[in-house]
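J.: Take a look at this one; I'll ask things after.
The values are calculated or read from the model by the stated rules, or taken from the named source; none is laboratory data. These numbers were taken from a predicted model, which means no experiment stands behind them. Cβ placement follows ideal geometry from the backbone for every residue including glycine, while neighbour counts extend to all protein chains displayed. Remember, those area values only see protein heavy atoms, side chains included, never the ligands or the DNA or RNA. Shrake-Rupley method; radii C 1.70, N 1.55, O 1.52, S 1.80 Å.
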Amino acid sequence: MGTREHRVKVGIFGAGAIGGYLGVRLAGALDVVLIGRKPLADAAADGLRALADGVEAEAQVRVETSAEALRDVDLCLVCVKTAALEEAAQVLEAVLSPECLVVPLQNGLFARAILQEAGLTRSLAPGLVVFNVLWEGNLFRRATSGPIAVEGGDPRVAELGRAFRAAGESFVEAEDIRALQMGKLLLNLNNGLCALTGLPLRRFLESRSARRAFAAVIGEGLRVAQATGRPVAGFGRIDPRLVRRLLPLPNVLFFRIAAQMLTIDPEAKTSTLQDLERGRPTEVDALHGGIVRLAQAGGIKAPMNAWVVEQVKGRERGEIGAFDPDRLWRELRLQR
């Protein structure tokens, strides 16, 4: 794989903002086909662009709307939302070659189990993408910082890593993807909170009350992980244990320290807030609900994260208005 005789062919199934961005970044080194909806195909007519750290890349990337185009890929990145994984498993089982390696990139802890239980028999190497992406026409703009990580052990993952690094992306070939998945889940617990406030990520973090709420749900998640024996890993300086300690600091101290850890586009919004604004079902069950599910499996409770799940679903149904950060913090403290 990856020799002159054969370039690894990568399919990206369910390509939206993340999948489109990854496709452009890989296109210079590997053969790439994106499976997405018509808006992506239309956007690709004049070439797709990716912007990260002020540097723009452009590529002609093949975009198809049918999964049939995945029949000859060596490796398939799965970028659908968690709720669509069962359907994705059935589609991919029907079209992928038996030798294809499948890399699910969903939020949460359970993508591998969902795909296997839904009947996907291909080899799996779960992964994750730490950063957010904004999709504007044919431009995919990385809005926050962080690496891509995939479970190691397969030569195709190593090839994928080389391609991403050549494009300037941080890539981790992980020995223990479960620990990184748990770490990312904890860092993603701002999702439901941003959805409840309706605030973009940077504005959310500008409020000390909002940050205290974020620290509280991370703390609860860390206690659940410890009680259930779930390992937790961070991403260099972006570690949930450190982030939890920094979040409650006064604004001046927080932003002085956090500026060394992460970059945030002023327009960046969490995926849960974006789904809420578009009237789509959110992934709150995979995020805050993942903490609740893990707690239940260990015979304990996660009342703050359970409350966030309930409130976000109320927002989805239009029954609950937005919380200002001070009210969010007051309400969340009552759940402890």
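J.: When the solvent-accessible surface of protein heavy atoms is calculated with a 1.4 angstrom probe, in what order do Arg112, Arg62 fall, highest first?
T.: Per-residue accessible area, sorted high to low, gives Arg62, Arg112.
J.: Given H placed 1.01 Å from N in the peptide plane, which residues other than close sequence neighbours of Ala174 have an amide H under 5 Å from its amide H?
T.: Val150, Glu151, Gly152
J.: Determine, at each q value in 0.17, 0.19, 0.22 (inverse angstroms), the log₁₀ of I(q)/I(0) that the Debye formula gives when each Cα of the stretch 120-205 is one equal point scatterer.
T.: With no solvent term, the Cα-only Debye profile gives -0.86, -0.99, -1.13.
J.: Per-residue HN-Hα couplings for the stretch 17-33, Karplus 6.51 cos²θ - 1.76 cosθ + 1.60 at θ = phi - 60°, whole Hz, x for Gly and Pro?
T.: With coefficients 6.51, -1.76 and 1.60, one gets 5, 5, x, x, 4, 4, x, 5, 5, 8, 4, x, 10, 10, 7, 10, 10 Hz.
J.: List, in order, the whole-Hz ³J(HN,Hα) value for each residue of the stretch 213-220 obtained from phi through the Karplus relation with A = 6.51, B = -1.76, C = 1.60 and θ = phi - 60°; use x for Gly and Pro.
T.: Taking θ as phi minus 60°, the curve returns 4, 4, 4, 5, 6, 5, x, 4 Hz for the stretch 213-220.
J.: While we're looking at this one, here's another question. How large is ³J(HN,Hα) for each residue in the stretch 75-82, as worked out from phi by the Karplus curve 6.51 cos²θ - 1.76 cosθ + 1.60 (θ = phi - 60°), to whole Hz, x for Gly and Pro?
T.: 8, 10, 7, 9, 10, 6, 6, 4
J.: When the accessible area of the chain is split by element with a 1.4 Å probe, what percent falls to carbon and sulfur?
T.: Reported share for carbon and sulfur atoms: 48 percent.
J.: Using only alpha-carbon positions, what ratio does the radius of gyration of the stretch 1-125 give when scaled by 2.2 N^0.38 Å?
T.: That ratio works out to 1.03.
J.: Moving to a separate point now. If the only charges are +1 at each Lys and Arg Cβ and -1 at each Asp and Glu Cβ, what is the size of the charge dipole of the chain around the Cα centre, to the nearest 20 debye?
T.: Taking the Cα centre of the chain as origin, the dipole is about 1380 debye.
J.: Could you tell me how far the Cα centroid of the stretch 196-272 sits from the Cα centroid of the stretch 156-186, in Å?
T.: 21
J.: Then there's this: Evaluate E = 1/(1 + (r/R0)^6) for Phe255 and Glu68, where r is the Cβ-Cβ distance and R0 equals 56 Å; express this FRET efficiency to the nearest 0.05.
T.: 0.70
J.: Could you compute Rg(Cα) / (2.2 N^0.38 Å) for the stretch 233-336, with N its residue count?
T.: Rg over 2.2 N^0.38 Å, computed on Cα atoms: 1.21.
J.: Could you identify which residue out of Ala84, Ala306, Ala179 has the top mean-square fluctuation in a GNM of the chain using Cα springs shorter than 10 Å?
T.: Top of the fluctuation ranking is Ala84.
J.: Please compute one quarter of the surface area of the Cα convex hull for the chain and express it in square nanometres.
T.: About 16.2 nm², averaged over all directions.
J.: Next question. So for the chain: antiparallel DSSP bridges make up what percent, rounded to the nearest 5?
T.: The antiparallel fraction comes to roughly 35 percent.
J.: Right, next: Please compute one quarter of the surface area of the Cα convex hull for the stretch 147-275 and express it in square nanometres.
T.: Average projection, Cα convex hull of the stretch 147-275: 8.7 nm².
J.: So what's the net charge close to Leu40: Lys and Arg +1, Asp and Glu -1, counting the other residues with Cβ under 12 Å from its Cβ?
T.: +1
J.: Accessible area per residue of the chain at 1.4 Å probe, in Å²?
T.: Heavy-atom SASA per residue in the chain reads 43 Å².
J.: Quick check for the chain: number of Lys pairs with alpha-carbon distance under 19 Å, counting only pairs 8 or more apart or on different chains?
T.: 6
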